[in-house]
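Readers should treat all values here as calculations from the given coordinates under stated rules, not as data from a laboratory. Computed from a prediction, not measured in an experiment: that's the story for all the values here. Every residue, glycine as well, gets a Cβ built from its backbone with ideal geometry; the counts of neighbours run over all protein chains shown.
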Amino acid sequence: MEKITLAIKNAFFNRNSQMFVFGLFSIFFIFCGMETGKYAVAMFPALLLCSIVIYFKPQLILLFFLASFYAGIQLYTKNMLMVDIADFTIMILFLGFFSKLFQQKKVSFENSGTKNIIGALIAFLIIAMFSIILNVQTKKPIDVFTSLWYIFNLIELIMVLVIFSQKYFQNIREMSINLVLLFSIIEVIAALYQYSGIGGEYASVESLRDVRGTFSNHHAMLGNMMVLMLAFCLYRSIISKNVMLKLVYISGILFSIYMVIISGSRSTLFGIFATIACYLIINIKLSKKFIIYSSILVTTCVCLFLFSPVHDITLNTFKNNQTNQLDLSSYGRLLVWKGAIQHFIEAPVLNKLFGIGFGNYYTMKYSFSLVEGNKNISGGHNNYLHALTETGIIGLIVFMLLFILILVKLKKQSKINRLSFVYFYATIALLFSGFTQETFWFQPAFYRFWLIYIFFLGLCLSSREKEEQSSEKVI
């Protein structure tokens, strides 16, 4: 009897057995949830695990609060494609960094010097909430829930900026960049594999949209992440003293641009080229060094245009090779913008000032049909028109003020901090890309990019002193 008791105890009370049982338990519930379409059932194992962890280690509530950025509305609306491999990878990255909060008994939350930026975010939060209240009677419960979920995400962004702009977290900057570069290598491998499978250099603009890396939700998310890879490789190439390392990071820059090209993300590509032009204008000096660097940049851009898929992408944007018509994606944007402007002109005064409700663009009915007779669309394909439609003139002004403050702060920091220097230009590239997509907005295809951007913005702003050699070592 004693042997049987011991065997049962070993079978059910050792860690490996417990993990095995919990794994089977999770698979059963996930399978049932997916088969029946009741996705709340599929979430049960995760909720149970969260409850257990929080019970034994309540300080980890903050970790799960941040992890919730990747769940919520997309599970409620049964759109499981909104959570993919890349999301879980990034979530693990953030969870690892948040554990730093609990390594010391006391964390000093000193003035981070980002008061104006945080103030603008809070002002935008208030306007977004007011836009919901103003339109609540005209919306369905699911529309209100969607808006409130995005409000919750906005609060999370404010928390992330407040926490990671503290000087205490400056020491994780280099490690975080290492992890993103490693993550980007995985994206490069996945994207190259996808590109080879759709015909390589003979791929059409339409098929290039299938090159998404691990981002199953939208090909432009791969483009956005490659902007960060490009920025971090540029930063490392600047601070590295080793010639071989410099060459490695310069190769990373070229690969980043190539990934943007084969992903078919024309918005991101436009942002990169526009930023190069801005850099040349901002730093114009008729010196020998400036002329050499400018010539290299211009020659690289011309070669990319003439001897890479950029040439075909540009031509197909205006004239499709197969149909001799305008590319539907490009022409469709013109229709979407036309409808947004028309809606704004015809809207009541209160809607002009405060919009139709934060996160509710998809509820707006166009006066004409878009794709396949549908009069609704998920987003405005323009960051600024989207902001204007959902939060009105007041919301757009605060939204623009937020990024003006960010650019001013990064520009000021760039004199003493080279990471802020490259992040300043990365932000400009992303803002330019926002003219033809919703790079910075709470829209299903893109809003999670906000979390990554704000996280690194905080780390850029955490350094308020001249960079010390110890903090700039490349790991």
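Need one number: nm distance between label points at ILE126 and LYS352, each 7 Å from Cα along Cα→Cβ, rounded to one decimal.
Using points 7 Å along Cα→Cβ, the separation is 2.4 nm.
What residues qualify as long-range amide H neighbours of GLY213, i.e. H under 5 Å apart, gap of 5 or more or another chain, H built at 1.01 Å from N?
ALA191
So how much slack lies between SER369 and ILE250, counting 0.36 nm per residue of separation and subtracting their Cα-Cα distance, in nm?
Stretched fully, the SER369-ILE250 segment lengthens by 38.2 nm.
Taking the beta-carbon count within 10 Å as an exposure proxy, list ILE253, ILE262 from fewest neighbours to most.
Result, fewest neighbours first: ILE253, ILE262.
Among MET175, MET364, MET259, rank each residue by its count of other Cβ atoms within 10 Å, from fewest to most, as a rough exposure measure.
In order of increasing Cβ crowding within 10 Å: MET175, MET364, MET259.
Where nothing but the Cβ of Lys and Arg (+1) and of Asp and Glu (-1) is charged, how large is the charge dipole of region 115-472 around its Cα centre, in debye to the nearest 20?
The calculation lands at about 1000 debye.
Please identify the trypsin sites (Lys or Arg not before Pro) of region 362-456 that satisfy two criteria: DSSP loop assignment and at most 14 other Cβ atoms within 10 Å. Which are they?
LYS365, LYS375, LYS415
Can you tell me the length gained on complete extension of the stretch GLN342 to LEU48, counting 0.36 nm per residue apart and subtracting the Cα distance?
101.0 nm
Amide H to amide H under 5 Å from ILE356: which residues, 5+ apart in sequence or cross-chain, H placed 1.01 Å off N in plane?
Sorted by chain and number, the residues that satisfy this are GLU390, THR391, GLY392.
Sorted from fewest to most neighbouring beta carbons within 10 Å, what does the list SER240, SER251 look like?
Sorted ascending by nearby Cβ count, the order is SER251, SER240.
Return the FRET efficiency for the residue pair TYR362, LEU407: r is the Cβ-Cβ distance, R0 is 30 Å, and the value is rounded to the nearest 0.05.
According to the calculation, E is roughly 0.50.
Under the 0.36 nm per residue contour assumption, what length would be gained going from the current alpha-carbon distance of ILE292 and LYS241 to full extension?
16.3 nm
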